[in-house]
Structures are given as structure tokens and as C-alpha cells.
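Input: a single structure, listed below in C-alpha cells.
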DNA sequence: GTGAAAGCGCTAACAA
DNA sequence: TTGTTAGCGCTTTCAC
């Protein structure tokens, strides 16, 4: 494993100069810098993260905290964040909050995390009050993806607006009995995302003078199987809806499967809309509100990287865009 | 950030003793050890991975190399591996082989990876010959999940056997026109997994005197959308199959969606079987060959951890189990 | 059973 | 512009 000394020896300069040259610091003559860079490349030298972490406090790693690996959204964010991090020479290490609460004690106060990484990106997590404070008081850059935490950088769609757009689409098609499969109860999930979407659904209906029937609100935990089950129950209820707004595309898939099993045609008998534009949505012909988690991950990564570089942007809550994608799963309310 | 010195001061012993006590090394009196452990707990002391990495060469981290985050199988393996790693105090850091080849140069020779982690777990990767050698010659423990690499620890199902079981199931139901949606062409994937399954399909048919029609073999890239597209083409061909064996459940979902769109009833008009037992398969009523990637991840993690502890097991290729899970997507060939 | 001291490979003053 | 030096927080001889 070649060290900084090897590069120094090879170039005839001191290790301090090698360090400066390689990190792009000033006070290095262009010629020296070139020489050093050439030697480093030739020798395949890569600075030891342990050593620089110890001495300079820079570990060249950021922690990515996710509730689980099981949802499309998280995976996309992880890939997005990792792509810019790796591009800048940072490693990404994963903190998966398993179903067991164990890993979650003092989540952000956790010394290991702090001793190993330079920044934290946390996604879609239903933070406790204590955790929000920990996050805010963390002595390193942090960003959250999904929901806003006061005092911390965040990226995400405006959930209320996105959900409203979905419901308005159904209302515009003439539907009035509009059900909703929400995700707000899942453990460890960002509660506010699910709640904001559900609240927006309810309020949109009420604005149009519709009082949602209690059976129109099902709980899908942001997962396909429970969404399917909830939909089946809903469609068996009295006054079944003619349209369903699912809080995520994965839940919308569950709605579609449930409908198919009951022999309902989509969109003739039931219109379905989701949020996300999952990789599979086009194949399902699912109408949805598209958002871009990959880009959100990239933005979060850039934010913490900027902060590490001293470029502290004042913008705290960043809203990423969304758009309605029309496909085959929604249609006008048939004249009854 | 409390350091080893704080613990030493608090206990009145030297830092060397603290180090020994905490790591469970011999030559520490029981009483001292207790005192040290108590003080460490009280102070919330966690050894700095950078420092121990630098001095002792133990980083307490393992690299998890995955092609992408987009497939269920990988995610399950990652969660499984992470669960045991974290349990032993190791961090998991991710190396995602993006679609761009960039990250892949000298994959396992990559100094950064070696300077940061104690072991490597690589999954489902279509290794080049050079990479297989790098992996074998790596001066740290390694394990692969999915396919066997000669000379390296590996875990995975016997793909040929699992695929054969799937096809035999369809044959047993009387089907003879059995199509296959395979995954062997996807970039960056472990080619042998897809190929082994496809070969097994072909051989099973041939053993029964059936010459598979060329149109019966579609390419699904281990992803749902291309699997759906390939299925649609296959079912539109001459001599459409009465049953389809998909190389993974995600591809089987694509088959189901394609069939539904064409108005085919499952299993009356088309039987479908997959491999995996994906989280969603039960909701789809999909008959499948179940395997357990979570457990495979755990096994891989234990293997490298054992090796790090000096317990080098001689078993190189570990076969993990599979079983047929009967659901509603397969049925007897209707008498034509 | 325990401590002192030398390093691991870097970064960050401070000199020159 | 460059080099020297003192750590960063541990592990690991080697003494005691």
C-alpha cells in the first residue's frame, strides 16, 4: 500500500508538499504540483482515510441514514447521493434503521457515526423530537430528504401540493367518491410525509363540498401488500369509491392488483393515481405525480459537500418539483 | 468526543490497559476489566475507527459491492449482511456499481476500498476474469453472494437446481409449451445466474423431448419492464406458450402484467412461475421457488467475520436452500 | 497484570 | 514556495 512518503521520495519533495499539492491547496508551484500528481497517479497512491481522518478530521465519508432498503424512493435517493459523493471522492456508509429499535438509540449522537463520517444525510425518517434536536445540534453538516426538519437543510417535494394535484386531477375527471390509501402509520417512516398527503386529500375533498366516508381512508404503510389488503376492504365497503389516490406508486400497484382481483376494470370501474413515478409505473399504465428522488439525493449530497467546503447556503428547505404524468389508470367518471 | 485517555484517567490505568480491557485481550485482571468497561460505558466511549485503523489495521468496516440498489434481491442481501455486521460493531459501506463503468476500474484492487475496509462482500456481479483474480488475491477476507467464484467464499442457491424445479413443476402440470423470460443480458449482472437458469430451462425441456421454439426465450434483464415487453412479444408470436418460467419474481410480475393486458387469465390461459419469493409475490398469488437472500447476506457476513477472527473455514461454496411455494399462478394444462 | 514508548499516515501550524 | 515538527487516537512491542 503506497503511502505519502513514497510519493514524496519519488518526487524529491517533502510529504507536506505532497499533501498540499494533492489537495489543491495554494502555495505550491504549478510545476511541483504537476510532478506530484504525476507521481501519485503512477504509483496509484490514494491517501488513507484513516490517517487524514485522524489528523485533519476529514474522513471523506458521509453517513446515509435510511429506514430500510425496501422502498423504491430510498433506493433512488441513495443512488443519487452516492453518485455525487463518489464523484467527489467520498465514500457512503449506510445506517439502516432495522425494524428493531436497537440501532436507533441516540441516533445522531452516536459516537461511531460521528467519528467516522464528515456529514449525515437522513431520509424519510419519522424523527422523534429528540432526534430533530440532535440533528440540529450535530457538529457536522446534515441534510434530510423527504420532510423538513426546522433548522436543518432539507430537500423534498411539497407533499401537500403534490397530493392536492393528484386529488384535483380525479375531481377534474368528475369523481366525487375518492378513496385514499395512505402511508402514515408505518413504523420508522417519516410520519409527516404520509400525513401531509392524507390531509391534503381530505382537505381537497372538503373544499369541493365532499365529506369523505370513513371507509375511504385505508392504511397502506407505504408498502404494496398492505395497500392491496386495505384496498380490498375499502372496495368491499358500503359506498365504494370510484377513484383512489394512493400515497405512493408502490401502494398504487397494490390498489391495481386488488382491483384486478375483484374483477374491476381500470379506469372504467375505478380510477387510480399515485405519487412517485416508480420505474414500473409506466408498465402498469399508472397515472401519477412524478417526483425525482435521484435528483433529491444529489441535491442533498451537494448541500452537505458545500457545507464541508465552507459554502454554507442560507436556503434551508428546498422544494423539488413534481408533475402530473397522465397514463391509462385514470378516466372520467362514467355517467351512472 | 471522549477518547481512550478519558477512560484511562477515569479508571486510573494506562491507555494500553484500557485498550486491552475493552478488546477482550488476555492479561487484564477481571477487576480492572470491569472498571474499564464501566467507565467506558459511562462516558459513552467508542474507539475511533480511524485511529484503530491506522495503528492496528482494523477499520471495523466492510465494503458491500452491489451492481445497483434497484433489485429486491440485492436489497435483501444488504440488509442481511448489515444486520450481522452492525451487530458485531462493524459499519457497512456501499460500493454501487453505477451504470457507468467508471467505478469499476480495478474494482477490488482499488486502494481506497482496501484502506478503509477489513473485508469485502460482493453480490450478483458479472465479474470479469481480471476481477475474479483480484478478488482471489485480495489480502483481505472476501465473500460473494449469488454465484461461485473459484477460490473465494460464496453463498447462493444452486441456480440450475432451482430453475429445474420450477420447470419440472410446470411439466408436472402437463405443460409442454413452456416459455422462459431470462435475465442473462443485463449489464453488470452476474451473467452466470441468468445463464444457469436459462440453461436449466432448456435442458429440462429437452429431457422431456421438447424442442423449445426460439420465440419462447425472452430477455428480461432481471427487471420488470423489459420482462413485460418480452412477454408481450412472446405471447404474440406463433405457438405462444401455455406457461412461462421467469428467472426472477420481478420478471414474473412483468409476465403477469403483460398477460393481464392481453386479456389472458392466469392460470387458465397461462401459468406463471418465478424464482425468489419476493415480498410482493404472495399478493400477486405468484407460484415461485423461494430462496432467502437475507439469510445469504447474513451467511456471507459471518464468513468474512470468521475469517477476520482467524477462523478460516475450508468450505468455499455454500449452497443455500430453496423450496417450491404453490400459489395461484400455476395450474394444469387445460385439455385443449 | 500493567505501563511507557514507538509508530500507523496523514494534516496543520510554524519556520525557513 | 517549501520543509520541519507536533500531534490526531489508537495498537503493539517491550519492559517492569
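Would you confirm whether any residue within region B:73-83 is modelled with pLDDT under 90, in the same structural domain as residue B:307 (by the TED database) and under 21 Å from the mean Cα position of the chain (by Cα)? Let's see the steps before the verdict.
Going residue by residue through region B:73-83, those that are modelled with pLDDT under 90 are none.
No, because not a single residue in region B:73-83 is modelled with pLDDT under 90, in the same structural domain as residue B:307 (by the TED database) and under 21 Å from the mean Cα position of the chain (by Cα).
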Practice task
Answer yes or no: is there a residue in region B:76-94 that is touching a strand residue (DSSP E or B) at 6+ places or on another chain (Cβ under 7 Å) and within 16 Å of DNA strand D (Cβ to nearest atom).
Solution key: yes
Handout entry: Residues of region B:8-25 satisfying the condition of being touching a residue at least 12 places away in the same chain (Cβ under 8 Å) and within 8 Å of DNA strand D (Cβ to nearest atom)
Key = B:18, B:19, B:22
Practice task
Mind counting the residues in region A:37-48 that are within 12 Å of DNA strand C (Cβ to nearest atom) and under 38 Å from the mean Cα position of the chain (by Cα)?
Solution key: 6
Exercise for the section: Hey, can you tell me all the residues within region B:269-310 that are modelled with pLDDT of 95 or more and at positive phi? Expected result: B:276, B:277, B:285
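What about residue A:180, is it touching a strand residue (DSSP E or B) at 6+ places or on another chain (Cβ under 7 Å) and part of a loop (DSSP other than H, G, I, E, B)? Break it down stepwise before answering.
On the way: touching a strand residue (DSSP E or B) at 6+ places or on another chain (Cβ under 7 Å): yes; part of a loop (DSSP other than H, G, I, E, B): no.
When the stated conditions are applied, residue A:180 does not pass them.
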Practice task
Output the number of residues of region B:217-227 satisfying the condition of being crowded, with 23+ Cβ neighbours inside 10 Å and part of a helix (DSSP H, G or I).
Solution key: 2
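Yes or no: residue A:123 under 15 Å from residue B:91 (Cα atoms), surrounded by 19 or more Cβ atoms within 10 Å (Cβ to Cβ) and more than 9 Å from chain B (Cβ to nearest Cβ)? Spell out the reasoning first.
Working: under 15 Å from residue B:91 (Cα atoms): no; surrounded by 19 or more Cβ atoms within 10 Å (Cβ to Cβ): yes; more than 9 Å from chain B (Cβ to nearest Cβ): yes.
No: the conditions fail for residue A:123.
Looking only at residues in region A:244-268 that are in contact (Cβ under 8 Å) with a residue 40 or more places away in the chain and farther than 18 Å from residue A:219 by Cβ, which one is surrounded by the fewest Cβ atoms within 10 Å (Cβ to Cβ)? Steps first, answer last, please.
Step one: of region A:244-268, the residues in contact (Cβ under 8 Å) with a residue 40 or more places away in the chain are A:244-252, A:254-256, A:266-268.
Imposing the further condition that a residue be farther than 18 Å from residue A:219 by Cβ reduces the set to A:266-268.
Working: A:266: 21, A:267: 23, A:268: 10.
Top of the filtered list is A:268.
Being under 19 Å from residue A:74 (Cα atoms) and within 14 Å of chain B (Cβ to nearest Cβ): is that true of residue A:277 here? Steps first, please.
Values: under 19 Å from residue A:74 (Cα atoms): yes; within 14 Å of chain B (Cβ to nearest Cβ): yes.
Here the answer is yes, as residue A:277 does meet what is asked.
I'm trying to understand the selection: among the residues of region A:212-243, which are touching a residue at least 40 places away in the same chain (Cβ under 8 Å) and under 21 Å from the mean Cα position of the chain (by Cα)?
Answer for region A:212-243, where residues must be touching a residue at least 40 places away in the same chain (Cβ under 8 Å) and under 21 Å from the mean Cα position of the chain (by Cα): A:222, A:223, A:227.
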Problem - Meets criteria (away from DNA strand D (no atom under 16 Å from the Cβ) and closer than 24 Å to residue A:45 by Cα) for residue B:64 - result: yes
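Conditions (1) within 10 Å of DNA strand C (Cβ to nearest atom); (2) without any contact (Cβ under 8 Å) to a residue 24 or more places away in the chain, marked per residue:
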| site | (1), (2) |
| --- | --- |
| B:5 | no, yes |
| B:35 | yes, no |
| B:59 | no, no |
| B:63 | no, no |
| B:109 | no, no |
| B:113 | no, no |
Completion exercise
Counting only helices (runs of 4 or more DSSP H) wholly inside region B:228-336, the ones holding at least 2 residues that are under 28 Å from residue B:195 (Cβ atoms) and assigned by the TED database to the domain that holds residue B:94 are B:293-308
Fill in the blank from the handout: Note on region A:135-178: residues modelled with pLDDT under 95, out of contact with any helix residue (DSSP H, G or I) (no Cβ under 9 Å at 6 or more places or on another chain) and surrounded by fewer than 18 Cβ atoms within 10 Å (Cβ to Cβ) are A:136, A:137
Fill in the blank from the handout: The correct count of residues that are over 17 Å from residue B:112 (Cβ atoms), in a helix (DSSP H, G or I) and either within 6 Å of DNA strand C (Cβ to nearest atom) or at pLDDT below 95 (or both) in region A:12-26 is 2
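The values are calculated or read from the model by the stated rules, or taken from the named source; none is laboratory data. A quick note: this is a predicted structure, and the numbers were derived from the prediction, not measured. In this analysis, Cβ positions are derived from the backbone assuming ideal geometry, glycine residues included, and neighbour counts consider all displayed protein chains.
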